[in-house]
Amino acid sequence: MQKKVEWYLDFVDSSYKPAKDELLALFYFEPASGISVNEAMGRIASESSTGTWTTLFKMPPRMNKLKAHAYSHSGNIVKVAYPLDLWEKGNCPQLLSGIGGNIFGMKALDNLRLLDIHFPKSYLRSFPGPRHGMQGIRKMMNVYNRPMLGAVPKPKIGFTDLEHAEIGFETWMGGFDFVKDDENLTSTNFNNFDKRVKLIAKLRDKAEHATGDNKDAYINITAETHEMERRAKLLHDYGFKHAMIDVVVTGYSGVQTLRNTLGDYGMAIHAHRAMHAMFDRNPKHGMSMYMLAKLMRMIGVDQIHAGTAVGKLTGTAGEVKNISDTLRDKKVTEIKNVRFAQDWFGLKQAFPVTSGGLHPGLVPDLLKIFGDECVMLVSGGIHGHPKGTRAGAMATRQAIDAIHEGETLEEHAKYNLELREALEKWSHLRPV
Ligand code: CAP
Ligand code: MG
């Protein structure tokens, strides 16, 4: 008789009741041909916890306590419970080495997607969460009852440091709060990070003086981690209250380190999600954007891009709403097969950022989806205004006022020239 070779099914138990302090993962999965549902679920739970592909010579019985259990299954959805002791608290990379690791490459699965993880209190509270959160940022900027507004100079890369700062000045003067770097601008031979910081600081002070409002910038510190720390200090020295990080490309460890550094300076993090679509766009495989947003709130970014549903990039209104919920809610409710309920146990709330192909004509849609509690980035949609950046920013503010005052954009445009000109160019266009 052939000896037992593997023990994957030991990790499947539909009668298992997860303990309160276990981490629970929600996966979409598709077994490969010839693999049963139970065999597939067993592999997911095994390879992401204590298992390997074969039975072992030495296996102390106490290790059974560290095994994950695939405990619930319906259709292509499986829930897996992971004992708390498997995890190092405060270590997000380790979490993903397990739950987001080898299992995604197993031959026995055609597709696998991590949709959500439910975190118990003791695990969640081992991370700091946002330094300021939504309320802290509103207080810092003294802006209430409307979205926070920002813009990236466009084209996204190519301006000199001085040209970049001058466009920023126009953005602020039109009534926006933030000037933002684009995700692929760091430090180049034509736009040096240090020079840009000094020039933007000078024009920020000028704009604050001229308008009497608080102004700030999301300057992109993305680089090797020690260099990010140096850049963070420079921003702090020049009085900036935010730093921007491309959080996917720098990685969880980099963001955790910078959360500490920037937190010590009292600064907030603007998280750009460049590269997220490499793993979240295929609905059957990879990891959901929802999961990324949740991990980033846990690590402690104050705001992260969430999509638009009406702009140039993919993402439905439902997805955008889910992401916003996990960033902003104190307690998230369950949506079957989509997300777990999650109590955030007091970690601060983060802003969703809506960005990508926006212009004043889309403001009514955006306010319907996000409400006022968001950061709205309108970039091409202000710099492409027929009268230029300042007029474009003014048009966006006028569009927000219109909705707040219960008017249509067209009504409000009758006595607001900048909005009228924006609508003449773009109307309510949804770019593709
Ligand atoms: C928007 C943007 C943002 C994307 C990011 C860009 O510019 O600066 O990076 O919106 O997407 O480079 O495309 P426009 P997301 O406003 O001119 O389109 O927020 O989905 O991560
Ligand atoms: Mg960009």
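The values are calculated or read from the model by the stated rules, or taken from the named source; none is laboratory data. Note that the structure is a prediction, hence the values are computed from the model and not measured. Cβ sites come from the backbone with ideal geometry, for glycine too, and all protein chains shown count toward neighbours. Side chains are part of the model used for accessible areas, which takes the heavy atoms of the whole protein and leaves out ligands, DNA and RNA. Shrake-Rupley method; radii C 1.70, N 1.55, O 1.52, S 1.80 Å.
At a glance:
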read-out	value
0 to 90° range, to nearest 10: angle between helix 37-47 axis and the chain longest Cα axis	70 degrees
Where chymotrypsin sites (Phe, Trp or Tyr not before Pro) fall in DSSP loop in the range 177-211, at most 15 other Cβ within 10 Å	PHE190
Accessible area in square angstrom per residue, the chain, 1.4 angstrom probe	42 Å²
Cα centroid of the range 80-122 to Cα centroid of the range 154-172, whole Å	42 Å
Low-density loop cleavage sites - GluC sites (Glu not before Pro) in the range 1-41, where at most 15 other Cβ are within 10 Å (DSSP)	GLU6
Within the accessible area of the range 8-124 (1.4 Å probe), percent carbon and sulfur	52 percent
Karplus-derived 3J(HN,Hα), 6.51/-1.76/1.60, for each residue of the range 162-171, Hz, glycine and proline x	5, 4, 4, 5, 5, 5, x, 4, 4, 4
Gyration tensor (alpha-carbon) shape descriptor, the range 133-426, a/c threshold 1.5	oblate
Accessible area of the range 304-373 belonging to carbon and sulfur atoms, whole % at 1.4 Å probe	54 percent
In sequence order, calculated HN-Hα J values of the range 190-206 (Karplus, 6.51, -1.76, 1.60; Hz; x Gly/Pro)	9, 8, 7, 4, 5, 5, 4, 4, 5, 5, 5, 4, 5, 6, 4, 4, 5
Vicinal HN-Hα couplings computed from phi for the range 273-289 (Karplus, 6.51 cos²θ - 1.76 cosθ + 1.60; Hz; Gly/Pro x)	10, 2, 5, 4, 5, 5, 10, 10, 6, 6, x, 9, 9, x, 9, 6, 5
Rounded if a/c under 1.5, otherwise prolate or oblate - the range 182-239, Cα gyration tensor axes	prolate
The chain: relative contact order in percent, alpha carbon pairs under 8 Å with at least 6 residues between	16 percent
Rounded to 10°, Cα long-axis angle of helix 417-426 versus longest principal axis of the chain	50 degrees
For peptides 222-229, 241-248, 389-396, sequence by mean Cβ density within 10 Å, most packed first	389-396, 241-248, 222-229
Cα gyration tensor category, rounded, prolate or oblate, for the range 315-432 with a/c compared to 1.5	prolate
Whole-percent pair-distance distribution, where bins are 10 Å wide, for the alpha carbons of the range 46-155	10, 30, 25, 17, 13, 4, 1
Most mobile listed residue (LYS58, LYS180, LYS156) in the chain, GNM with C-alpha springs under 10 Å	LYS58
Highest-first arrangement of 66-74, 410-418, 347-355, where packing means the average Cβ count within 10 Å	347-355, 66-74, 410-418
Order by protection proxy (mean Cβ within 10 Å, highest first), peptides 250-256, 320-326, 86-92, 114-120	114-120, 320-326, 250-256, 86-92
